[in-house]
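> Provided herewith is a single structure, encoded as structure tokens, for subsequent inquiry.
The values are calculated or read from the model by the stated rules, or taken from the named source; none is laboratory data. Model, not experiment: these values are computed from the prediction. Here the Cβ is made from the backbone with ideal geometry for all residues, glycine too, and neighbour counts use every protein chain on show. These area figures cover heavy atoms from the full protein model, side chains too; ligands, DNA and RNA do not enter into them. Shrake-Rupley method; radii C 1.70, N 1.55, O 1.52, S 1.80 Å.
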Amino acid sequence: MAEIVNLRAKRKAAERDARRRKGDENAAKHGRTKAERRLEETRAEQARAHLEGHRRETDAPDEPTDP
């Protein structure tokens, strides 16, 4: 006896598989891993902090003190 197949479910599963394959191809071509993104963000923050630490002037204007 033949197995009963829900054609709608098969179609949806095939579409999901196709989207997954396409996404994996794009990730391999263009993407970075989560660890690589975090590393880049951390390095950028460290560089910003390093430059900020060497700043000669502050952004706040000099205000006279109250007499």
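> Got a number for residues in region 1-19 being open to solvent by 100 Å² or more (accessible area, probe 1.4 Å) and of a type in the set (D, E, K, R)? Break it down stepwise before answering.
The first filter runs over region 1-19 and keeps only residues open to solvent by 100 Å² or more (accessible area, probe 1.4 Å), leaving 1, 3-4, 7-8, 10-11, 16, 19.
Among the residues that remain, those that are also of a type in the set (D, E, K, R) are: 3, 8, 10-11, 16, 19.
Adding up the residues that qualify gives 6.
> Follow-up. Within region 20-48, work out how many residues are surrounded by fewer than 10 Cβ atoms within 10 Å (Cβ to Cβ) and not in a loop (DSSP other than H, G, I, E, B).
5
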